[in-house]
């Protein structure tokens, strides 16, 4: 059983206990005293075993604290990475080239060792996240400094190597933050490669956001690769890929000159404005149909941003401010009504599926 | 992957670092030309730029003189302006 599965089981136990209490209060169900004691003892033993083995959050309070710990871990990892980076810059001029190379190569290896140790000591993965992110920062420092020292021609393939390093650590220890960092590197490599394939110098690939759309679509496609152990990982692939696609379309909808398509600026902007609405609506629909709440939320946010951007373009100049904001409020209300209908429809589909068997 | 992830990460670091070092060794194995630079061409960066980095880097900026653009023919513009009822006259550069 993975940590995600253990957490899901603990969540089900907590929901069952809450519902059992409510049913007993409403008089719909009354368990005999020995039955209730047996279930309570079983659940207590189960939660204790899951906590001991996987360090899960057994209560709602623990879950909220875990979120706080993840945020603190992220901030700590960023601070440690910056410290490693500046430490090397501060002293590398006093070192000979062989020592520089040895320090640069050893730093990520020490980071990998520390991650292995942290993962064994702390099963929640909070400290392993910090050490793994620092190891990734050290590896980025390693390659970029070797490039400076030996005047190596810059290449987009460095992003592929960093992505592989981050993904190895993410899959080894189930670290979602490392997975996202690795996917960002993979996205940069895919976009730059798509750019070079189209004849652009790789560093300039970002000036043509269509290359990012291509990379985002590849990541989205990878989210359908089945994950038997890391069951929470496909969502990260999906959200990262779709976010990249939607942000690139949003940029092109307002900056048609950046498009690589053989269209005028105005035509490209109109095309991507329509594409933005269609894509975000499709993402909402996909999220609702498949039961992916993160995807549906991403689609709703993107749709709202596309709509508000267009309303600003159309009406900000000639409408009185009070009327502009009144229209925005009315549009928000209309969107809420549409989303509520979608929610009701998805609830009806789920209810029908539960009744069918 | 769960058991061997760290081994793969270590192997990747060693492999890629070795690859870069081998490329640098090959690059330095032959000398094509030598340029002698003195302190006149190599001023140190100001102290405030060196506060956080003890490294010294050499960057060579090359400048190529672009060919002078051919003078524009204005006769057509004059004719079009005259047809539209405008009169153009040469203004001395200030």
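The values are calculated or read from the model by the stated rules, or taken from the named source; none is laboratory data. Predicted model, so just to flag it, every value in this text is computed and none were measured. All Cβ positions, even for glycine, are placed from backbone atoms using ideal geometry, and neighbour counts span all protein chains on display.
Data overview
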item: Contacts under 6 angstrom Cβ, first residue in the range A:89-101 being within 7 Å of another protein chain (Cβ to nearest Cβ) and assigned to a helix (DSSP H, G or I), partner modelled with pLDDT of 85 or more and surrounded by 13 or more Cβ atoms within 10 Å (Cβ to Cβ), 6 or more apart; result: A:92/A:100
item: Single unsatisfied condition, residue A:144 versus (1) within 12 Å of another protein chain (Cβ to nearest Cβ); (2) in contact (Cβ under 8 Å) with a residue 40 or more places away in the chain; result: (2)
item: The range A:185-233, residues that are part of a loop (DSSP other than H, G, I, E, B) and buried (at least 17 other Cβ atoms within 10 Å of the Cβ); result: A:200, A:208, A:209, A:223, A:230
item: Criterion: over 23 Å from residue A:252 (Cβ atoms), assigned to a helix (DSSP H, G or I) and under 27 Å from the mean Cα position of the chain (by Cα) - qualifying residue of A:285, A:298, A:326, A:336; result: A:336
item: Residue A:113, sole failed condition from (1) in a helix (DSSP H, G or I); (2) surrounded by 17 or more Cβ atoms within 10 Å (Cβ to Cβ); result: (2)
item: Test: residue in the range B:15-32 that is at pLDDT below 75 and more than 14 Å from chain A (Cβ to nearest Cβ); result: no
item: Cβ-Cβ under 6 Å pairs, at least 6 apart or on other chains, the range B:57-70 side on the phi > 0 side of the Ramachandran plot, far side at pLDDT 75 or above; result: none
item: From A:36, A:90, A:12, residue being surrounded by fewer than 14 Cβ atoms within 10 Å (Cβ to Cβ) and either under 30 Å from residue A:140 (Cα atoms) or modelled with pLDDT of 85 or more (or both); result: A:12
item: Single residue of A:172, A:138 found to be within 29 Å of residue A:50 (Cα to Cα), touching a helix residue (DSSP H, G or I) at 6+ places or on another chain (Cβ under 9 Å), surrounded by 20 or more Cβ atoms within 10 Å (Cβ to Cβ) and within 11 Å of another protein chain (Cβ to nearest Cβ); result: A:172
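Listed here are the residues, each with its yes/no results for (1) in contact with a strand residue (DSSP E or B) (Cβ under 7 Å, 6 or more places away or on another chain); (2) surrounded by fewer than 10 Cβ atoms within 10 Å (Cβ to Cβ); (3) touching a residue at least 12 places away in the same chain (Cβ under 8 Å).
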| residue | (1), (2), (3) |
| --- | --- |
| B:3 | no, yes, no |
| B:6 | no, no, no |
| B:12 | no, no, no |
| B:18 | no, no, no |
| B:23 | no, no, no |
| B:27 | no, no, no |
| B:32 | no, yes, no |
| B:36 | no, yes, no |
| B:42 | no, yes, yes |
